[in-house]
Amino acid sequence: MRKAILLVAVTMLLIALPVTVFAGGAGEAEAEPAGEVDLLYVEWADAIATTYVAQVVLEEMGYDVNTISVSAAAMWEGIAAGDAEGMLAAWLPGTHGAYLEQTEDRVDLLSATVNGARIGLMVPAYVDDVNSIADLNDYADEFGGQIIGIDPGAGIMSAAESAISDYDLDLTLVEGSDASMTAALSDAYRNEEWIVLTGWTPHWKEAAFELKYLEDPEGSFGGEEYVGAVARQGLAEDMPEVHAFLDNFYWSLDELGEILLWNEEDGADPMENAERWVSENRERVESWIP
């Protein structure tokens, strides 16, 4: 009788124990995430590649990471409001300069993630007669009277509107997206048709097509830029390791360009490519981890 009572007691004790004790085998509980990290980004090729690589590394560091696609304006305001931990898609000092002015007392501006960035108007290299933005009016009909742009609200679109005014251009800026812009470029290039579009470096299209920036004597698009990281205020105190990682994240145009090309291959999965890049570039990745 005493053995039966003891057996019942042991059984009840085992039932009452937390399931996590047995979940991982060998009697070990699953490790809790180090914390939840939300990263904002815009649907630009370089921002997608950079943000996904950051996600892979942060998850290896033990964090639960959410990547959220938003507009450029919402990205800056989201960080300023403390709704996300950070982003690695700040084009400065020109393209996102207006957003920085509006939020600089509410965000923590970190280091560059890549140097040598620039924006401007681009045409295929076979468009021999056009080398400057000032030349566009002479060939407006050949370009269909249009400059092919991306998403409204992007800094490069504001700069393109300024260029239209600065050069008194007889061309209309067409809103769209990165994807629609590159699709239009691909179609035109295949048929050697003339097209002028908003362009920026880094971007995979420079490796896929022979393109050239148009000279900008009026300076509508500014000079060389960099892409940088921005964190919410208080992140350095709340999550010092995450803050340090975002501040340390830096790679070259060639390193970024490699994954940009991978992402344009048929059937490419940007997250799988991010995982591949991290696994093949451990020395660079280790330099980011505090």
Exercise for the section: Could you list all residues from the stretch 115-163 that are β-branched (Val, Ile, Thr) and under 30 Å from Trp251 (Cβ atoms)? Expected result: Ile119, Val123, Ile148, Ile150, Ile156
Exercise for the section: Answer with yes or no whether Ala117 is in contact with a helix residue (DSSP H, G or I) (Cβ under 9 Å, 6 or more places away or on another chain), assigned to a strand (DSSP E or B), on the phi < 0 side of the Ramachandran plot and at pLDDT below 95. Expected result: yes
Exercise for the section: Specify the residue that is surrounded by the fewest Cβ atoms within 10 Å (Cβ to Cβ); the eligible residues are those in the stretch 45-69 that are charged (D, E, K, R) and farther than 15 Å from Ser287 by Cβ. Expected result: Asp64
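So that you can scan it fast, the table gives a plain yes or no per residue for (1) exposed (fewer than 15 other Cβ atoms within 10 Å of the Cβ); (2) of a type outside the set (S, T, N, Q); (3) at positive phi:
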site	(1), (2), (3)
Ala188	no, yes, no
Asn191	yes, no, no
Ile195	no, yes, no
Ala207	yes, yes, no
Asn248	no, no, no
Ala268	yes, yes, no
Practice task
Could you look through the stretch 69-84, keep only residues that are within 15 Å of Arg232 (Cα to Cα) and either of a type in the set (Asp, Glu) or part of a strand (DSSP E or B) (or both), and pick out the one that is farthest from the chain's Cα centre (by Cα)?
Solution key: Asp83
Completion exercise
Subset of the stretch 256-272, residues without any contact (Cβ under 8 Å) to a residue 24 or more places away in the chain and either charged (D, E, K, R) or out of contact with any Lys or Arg (no Cβ under 9 Å at 6 or more places or on another chain) (or both), comes to Glu258, Glu265, Asp266, Gly267, Ala268, Asp269, Glu272
Completion exercise
Of those in the stretch 152-176 that are touching a helix residue (DSSP H, G or I) at 6+ places or on another chain (Cβ under 9 Å) and within 22 Å of Ala49 (Cα to Cα), the residue modelled with the highest pLDDT is Gly176
Fill in the blank from the handout: Of the residues in the stretch 242-269, those that are among the charged types (D, E, K, R) and touching a Leu at 6+ places or on another chain (Cβ under 9 Å) come to Asp247
Practice task
Filter the stretch 281-290 for residues that are surrounded by fewer than 18 Cβ atoms within 10 Å (Cβ to Cβ) and in contact with a helix residue (DSSP H, G or I) (Cβ under 9 Å, 6 or more places away or on another chain) and give the result.
Solution key: Asn281, Arg284, Ser287, Ile289, Pro290
Fill in the blank from the handout: Of the residues in the stretch 150-180, those that are assigned to a helix (DSSP H, G or I) and under 18 Å from Ile195 (Cβ atoms) come to Ile156, Met157, Ala160, Ala163, Ile164, Asp178, Ala179, Ser180
Completion exercise
Of the residues in the stretch 85-102 that are part of a loop (DSSP other than H, G, I, E, B) and buried (at least 23 other Cβ atoms within 10 Å of the Cβ), the one that is modelled with the lowest pLDDT is Thr95
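The values are calculated or read from the model by the stated rules, or taken from the named source; none is laboratory data. Since the structure is predicted, the reported quantities are computational estimates derived from the model, not experimental observations. Because the Cβ atoms are built from the backbone with ideal geometry, glycine has one as well, and the counts that use them run over all protein chains shown.
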